[in-house]
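Asker: Here's a structure for you.
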Amino acid sequence: MNETLTKELKLPEEKHPMENILRMDRIPHIWCSTCGIGIAVTSFAIALEKAKIPLDQVCVVSGIGCSGRVAGYVKLDSFHSTHGRAIPFATGLKLGNPKLKTIVFSGDGDLFGIGGNHFIHSARRNMDMLVLCINNFIYAMTGGQCAATTPLTANTSTSPYGNYEYPFNLPHLADSCGAVYVARWTALHVRRLANSITEALNKRGFSFIEIICPCSTIYARRNRLGSGLDIMKFYHDNSVIKHGANTKDLDIGYQSKIIVGKFVDRERPTFLDCLNDWNRKKFGDKFREYGGPDD
Amino acid sequence: MKFWRKPLDSDEIEVTIGEIHIIKDRCKGCAFCVEYCPKDVLELSDEFNVKGYHPPYVKNPDQCLFCKLCETICPEFAIWVTEKPKEEKKVES
């Protein structure tokens, strides 16, 4: 029995091109069949390649949840932080070494449930980081509780008769708090998502990209929406690309149209710019500009 | 794919041909690659892999145009495409 198993489980001889950026000793990953997080990771890897950022200057920080696993799977400097504290950790990382490109890869429950306060303040200060939010409308890893993004009337394990709480409109939240780049894509728009991440990687300031992902095991099963492939077909039929749409109109209802696209792209001084400018004004020549640990 | 007219520069453009590689035991049978391949190159097979899913197989290898959509949309990093060198293409045509 064991011999046949080891024979069957022997590693493939050919190498997937993504293996340069993945910790292959941890693959296959734990994400369910038809989960969209793997697609988001692939798009992120393509974007990293396109943006031509040296890989030793990239760090990935993630919180807790299904998407929190990303930090363990990518072969970059990465940290799997505590629940909701991915953005504070990334803030510290960025201020400790401003040359780093920090990317927060986390879920909707982590970023907007427990970590909502950190998100709004980081966007307000315009910390130079990229936040990729995997939105599957539910707390998937902990058993399908009602999340801050669960649409009205959706069934979850803590709202078995339907959800009656109004959900967050994530792009509007990010826009009103001051993010410089706000976009939303679904897991089906792989190429547009990769292009969008490339743009956001090259942008200074707080960039936010919401990635709507199918969750077939919890969300689709509880709401009887079919398999992950059925949800992808739903995205195909019901997503509308509207670049520059007003972020107030981007609410997602239960099985409603999903407006995707790039909504905000503007320039604002980042936290470090403001810090340096203000202190130079206050202290004149006595102030030495803060640019990193080499100073 | 049908065109309503023949593209004017169709003689000048060299069509790339791809070769699909699948790691069957890593596949979880989500069928995204099968559904979204623009040329219907892939199809789910009847065989089971180690995990008990049906991995895809290459049904029409000549149809692949190296668009890499299956590689991008695969959530399991189990499928990828390489470009076939030009000499092989001449032999095939």
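The values are calculated or read from the model by the stated rules, or taken from the named source; none is laboratory data. On a predicted model such as this, the values are computed, not experimentally measured, just so you know. Cβ: placed from backbone, ideal geometry, glycine included. Neighbour counts: every protein chain shown. Areas reflect the complete protein model, heavy atoms only, side chains present, ligands, DNA and RNA absent. Shrake-Rupley method; radii C 1.70, N 1.55, O 1.52, S 1.80 Å.
Asker: Restricting attention to segment A:92-131, report how many residues are of a type outside the set (Lys, Arg) and open to solvent by less than 20 Å² (accessible area, probe 1.4 Å).
Answerer: 21
Asker: Another one. If I ask for residues that are over 21 Å from A:TYR139 (Cβ atoms) and not in a helix (DSSP H, G or I), which ones from segment A:83-123 would you list?
Answerer: From segment A:83-123, those over 21 Å from A:TYR139 (Cβ atoms) are A:90-103, A:121-123; that's our starting set.
Within segment A:83-123, A:ASN97, A:PRO98, A:LYS99, A:LEU100, A:LYS101, A:THR102, A:ILE103 meet the criteria.
Asker: Quick one: which residue in A:ARG204, A:ARG222 is more than 21 Å from the chain's Cα centre (by Cα), more than 20 Å from B:PHE32 (Cα to Cα) and modelled with pLDDT under 95?
Answerer: Details: A:ARG204 fails: more than 21 Å from the chain's Cα centre (by Cα).
None of the others qualify; the one that does is A:ARG222.
Asker: Any residue at all in segment A:73-82 that's part of a helix (DSSP H, G or I), open to solvent by 10 Å² or more (accessible area, probe 1.4 Å), touching a helix residue (DSSP H, G or I) at 6+ places or on another chain (Cβ under 8 Å) and among the aromatic types (Phe, Trp, Tyr)?
Answerer: Scanning segment A:73-82, I find at least one residue that is part of a helix (DSSP H, G or I), open to solvent by 10 Å² or more (accessible area, probe 1.4 Å), touching a helix residue (DSSP H, G or I) at 6+ places or on another chain (Cβ under 8 Å) and among the aromatic types (Phe, Trp, Tyr), so the answer is yes.
Asker: Select from segment B:32-59 the residues that are on the phi > 0 side of the Ramachandran plot and either at pLDDT 95 or above or in contact with a Gly (Cβ under 9 Å, 6 or more places away or on another chain) (or both) and list them in ascending order.
Answerer: Answer for segment B:32-59, where residues must be on the phi > 0 side of the Ramachandran plot and either at pLDDT 95 or above or in contact with a Gly (Cβ under 9 Å, 6 or more places away or on another chain) (or both): just B:GLY52.
Asker: How many residues does segment A:161-187 hold that are in a helix (DSSP H, G or I) and among the small types (Gly, Ala, Ser)?
Answerer: Total meeting the criteria: 2.
Asker: Let me spell it out: the conditions are (1) over 28 Å from A:THR158 (Cβ atoms); (2) among the aromatic types (Phe, Trp, Tyr); (3) touching a residue at least 24 places away in the same chain (Cβ under 8 Å), and A:TYR254 meets all of them except one. Which number is the exception?
Answerer: Failing condition for A:TYR254: (1).
Asker: Do we have any residue at all in segment A:240-257 that's part of a helix (DSSP H, G or I) and within 20 Å of the chain's Cα centre (by Cα)? I'd like the intermediate steps shown before the answer.
Answerer: Taking segment A:240-257 and keeping what is part of a helix (DSSP H, G or I), we get A:247-249.
Checking which are within 20 Å of the chain's Cα centre (by Cα) leaves us with A:247.
The answer is yes; a qualifying residue exists.
Asker: Considering only residues that are over 29 Å from B:CYS70 (Cα atoms) and crowded, with 24+ Cβ neighbours inside 10 Å, which ones fall in segment A:172-195?
Answerer: Within segment A:172-195, A:ALA174, A:ALA179 meet the criteria.
Asker: Could you list all residues from segment A:29-49 that are closer than 14 Å to A:GLY65 by Cβ and either of a type in the set (A, V, I, L, M, F, W, C) or in contact with an Asp or Glu (Cβ under 8 Å, 6 or more places away or on another chain) (or both)?
Answerer: Residues satisfying the conditions are A:HIS29, A:ILE30, A:TRP31, A:CYS32, A:CYS35, A:ILE37, A:ALA40.
Asker: Let me ask another. Answer yes if at least one residue in segment A:31-50 is more than 14 Å from every other protein chain (Cβ to nearest Cβ) and over 16 Å from the mean Cα position of the chain (by Cα), and no otherwise. Working first, answer last.
Answerer: Taking segment A:31-50 and keeping what is more than 14 Å from every other protein chain (Cβ to nearest Cβ), we get none.
There is no residue in segment A:31-50 that is more than 14 Å from every other protein chain (Cβ to nearest Cβ) and over 16 Å from the mean Cα position of the chain (by Cα).
Asker: Inside segment B:1-17, can you point out the residues that are open to solvent by less than 70 Å² (accessible area, probe 1.4 Å), in contact with a helix residue (DSSP H, G or I) (Cβ under 9 Å, 6 or more places away or on another chain) and of a type outside the set (S, T, N, Q)?
Answerer: B:ILE17, the sole residue that qualifies.
Asker: Specify which of the listed residues (A:GLY261, A:GLY253, A:GLY284, A:GLY291) is open to solvent by less than 60 Å² (accessible area, probe 1.4 Å) and modelled with pLDDT of 95 or more.
Answerer: Among A:GLY261, A:GLY253, A:GLY284, A:GLY291, only A:GLY261 is open to solvent by less than 60 Å² (accessible area, probe 1.4 Å) and modelled with pLDDT of 95 or more.
Asker: So which residues in segment A:196-233 are at negative phi, outside any helix (DSSP H, G or I) and either open to solvent by less than 10 Å² (accessible area, probe 1.4 Å) or in contact with a Leu (Cβ under 7 Å, 6 or more places away or on another chain) (or both)?
Answerer: Matches in segment A:196-233: A:PHE206, A:SER207, A:PHE208, A:ILE209, A:GLU210, A:ILE211, A:ILE212, A:CYS213, A:PRO214.
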